[in-house]
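What follows is a single structure, written as structure tokens, with notes after it.
The values are calculated or read from the model by the stated rules, or taken from the named source; none is laboratory data. This is a predicted model, so every value here is computed, not measured. Counting neighbours? That spans all protein chains shown, and the Cβs are built from the backbone with ideal geometry, glycine included.
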Amino acid sequence: MDLRRSPFAQKKNAQFLREKGEKKEEEEKSSPNRSSTKLSPISELGFVRFEAQSPILFLPLSFRCKTFRPGHLDSHRGSSLTLLGSKPRGIIFPDEMATPDGENMESSGKEIMVIHHDEDHDMTTPNGENMVAREDELMETPDTGKLGSPDGHNELALVEVQPNKRRKKKSIVWEHFTIESVSADCRRAYCKQCKQSFAYSTGSKVAGTSHLKRHIAKGTCSALLRGQDKNQMVATYTPPSRGTVSDTPKRRYKTSSSPYVVFDQDRCRQDIARMVIMHDYPLHMVEHPGFVSFVKNLQPRFNMVSFNTVQGDCVGTYLMEKQNLSKFIEAIPGRICLTLDMWSSSRSVGYVFIMGSFIDSEWKLHRRVLNVVMEPYPESPNALSHAVAVCLSDWRLEGKLFSLTFNQTQNEAALDNLRPLIAIKNPLILNGQFLVGSCIAWTLSDIAKDVLESGENTIRKIRDTVKYVTTSDSHEEKFLELKQQLQVPSERNLFLDDQTQWNTTYHMLVAASEMKEVFSCLDTSDPDYREAPSLEDWKLVEILCTYLKLLFDAANILTTTTHPSAITVFHEVWRIHSELARAITNEDPFISSLSKMMLEKFDKYWKDCSIVLAAAVVMDPRFKMKLVEFSFTKVYGEEAPAYIKVVDDGIHELFDEYVALPLPLTPTYAEDGSVDGNMKGEDSQGNLLSDNGFTDFDVYIMETTSQQMKSELDRYLEDSLLPRVQDFDLLGWWKLNKFKYPTLSKMARDILSIPVSTLPPDSVFITRRKKMDQYRSSLRPETVEAMICSKDWMQCGLSEVSNALVRMEY
């Protein structure tokens, strides 16, 4: 039955209209401060009855609210009567409601609307979304259209209900926006990405969310566009379904799992260039049919790039990264140390890898690949000097070079050409003793290679024996069964070595030596095994392992840290030196000759680098000169005092050179912005603390107290040693004490940045010069340098790449 046209509803509505005029004057007299409320006829809508002097509107089962217009009614405050006013607060949908005749009006899933007024809550629908309508919209019913009254008003008298707890907003927009109150009656929506504000509500007017959706979905948010991985919103409607009224379609939103991505051709090009650089992909992959098909299916709008285009994009990315790194290096307060490593190639040209090590103003150590210089004649005496000249000019490092570490295998002619160049381009520090050094990793690998060559025949037998067991499942099964029967306690596994990595040969020998009993008995259980090493072979293997362990322990330090410390290397070098010195006197001729050969190469390295390593030890407040005195006594015996004096004199001479440096390098407080700001403030009050005002005073202090006051270096050396804690932050200690030792801290900054190895941690154990792969050798030298340097800078995360794309077409 249609309740809107029932006689009962019409009768009840007519009665309500008659009683309204009679009660109007009484209500105005009893409540003079309340605004009058005029109810429009609603006979076509439903029926109304009063309970406890509160009007209740009953809607038919077929009624459904699509839009809503508040109207011009005011709320009757302070009483149980609540009328729909200019600020509607909420909507509830009860399952059933009693009619005047006492029968339940069940909805069976249909909605019956009751609107209540509450000052603290917004008008919400059952799913928790805010109900917002424009001023020009009216309430509609499915079969009657817009609901209007004859007098032009659209008022409804409704029942007062308890306010519901505000439900969480379900619109996807609120994942990207927050609402903040600007004033008492004004709230604005703020984008979480770019912090831009948008209108949300002013008084009773609510702006809605359409403009917020456009900000997110159409790419106008600059911060969200930069963060391409941010999910964005897509709004859609479910298609209407045919059937009863209960199948009425509802508005739904897709979740952030279905993002709307803004397409950007330039950004895609930049991402391809970065992908090629980061993962060492060949540039020609952009022309491979499989990759082209994949990209077209993934994004048909993308215009595929060619080899020349992606090559230009890679070089453009390199130039942008280089500009950021150049500004960073220019700002460092100290000097820079370089390492040189020569790579070979299949085209008989060489590539000099130049890396820079430096400590920034925050006392953080950095290491970056600066140049990759192609040398057509790598064996030429001028190859290294040309590469260094290119680096100094390219990065404007004249006057800032402190030390140079290189591969020890370079010939003396190359060094003779290098020293004059450095003397012209850079002021000599300590007569050039820090300018040329040897790589400790190459030194250890060179000595290890000599050790392996001394037992080459025996090692070949062990390798063939291990190969016999590990390359056959049946052989390995018999070997493990025999090992279990003999109860050999070794937990190592047999494996074949990589002859380009000497540490793998060392581990292979150690594992085989621990299971020599199994190999000795293997021929009894496996008749095919006939080449078992003899007892003499196993004895020689033990000797080789003893000496290789000394080298391995020292080299392994270089792999455990990104920037190995010269202090740790100093300790390992003098320990190995003392062990070899004692082994020379061994009665075994093989041990004696092997030790002598190893000691000769260590002596050469020690001669070139002892002053550098000792200076780094002195700059450690846990050791200072005490560790130098102790270790030199172990190495040189009675001649130790003379060598100790050489180190002490060298440190003092270097300190005097720092004291005599130009003024711009000496005031440590110039690195502190806050102190500099205070100086400017005092300078504005009469030029009290300016350099001009105290220059003569500084000269007077130096002339009158230089003979009486101790230098920073002497005071530092006389202070007691710090406890040797394991996680001691050496650079952090100097950062805290740079005001106590302003000049000495500058010297420590440069000394502690000296690299002891030219090789990265994954190449410490190599036995031959690294080789450029054939594909990269076929590229332009500029492209090779761009890709290698950019990859290193990206991995270090020094700078963020700008959204702008620099293009260089070839």
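Summary of computed values
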item: Hey, Ala555 under 48 Å from the mean Cα position of the chain (by Cα) and at pLDDT below 90 or not; result: no
item: One residue from Gln499, Gln485 being of a type outside the set (Asp, Glu) and farther than 21 Å from Lys549 by Cα; result: Gln485
item: Sole residue being exposed (fewer than 14 other Cβ atoms within 10 Å of the Cβ), in the same structural domain as Asp450 (by TED's automatic domain parsing), touching a helix residue (DSSP H, G or I) at 6+ places or on another chain (Cβ under 9 Å) and under 30 Å from Thr758 (Cα atoms), chosen from Gln485, Gln499; result: Gln499
item: From the options Thr458, Thr505, residue that is surrounded by 14 or more Cβ atoms within 10 Å (Cβ to Cβ), closer than 28 Å to Ser763 by Cβ and more than 47 Å from the chain's Cα centre (by Cα); result: Thr458
item: Qualifying position, being under 22 Å from Val262 (Cα atoms), surrounded by fewer than 19 Cβ atoms within 10 Å (Cβ to Cβ) and at pLDDT below 95, among Lys327, Lys296; result: Lys296
item: Qualifying residue in the range 519-540 (condition: in a helix (DSSP H, G or I), under 48 Å from the mean Cα position of the chain (by Cα) and touching a residue at least 24 places away in the same chain (Cβ under 8 Å)); result: no
item: The listed residue being touching a Leu at 6+ places or on another chain (Cβ under 7 Å), at pLDDT 70 or above, among the basic types (Lys, Arg) and part of a helix (DSSP H, G or I), out of Lys626, Lys634; result: Lys626
item: Neighbours by Cβ (under 7 Å, 6+ apart or cross-chain): first from the range 294-314, β-branched (Val, Ile, Thr); second assigned to a helix (DSSP H, G or I) and surrounded by 11 or more Cβ atoms within 10 Å (Cβ to Cβ); result: Val305/Arg269; Val305/Ile272; Val305/Val286; Val310/Ile272; Val310/Ala273; Val310/Val276; Val310/Leu283; Val310/Val286
item: Among the residues listed as Lys746, Lys738, Lys710, the single one being outside any helix (DSSP H, G or I), under 21 Å from Trp363 (Cβ atoms) and either at pLDDT 95 or above or in contact with a helix residue (DSSP H, G or I) (Cβ under 8 Å, 6 or more places away or on another chain) (or both); result: Lys738
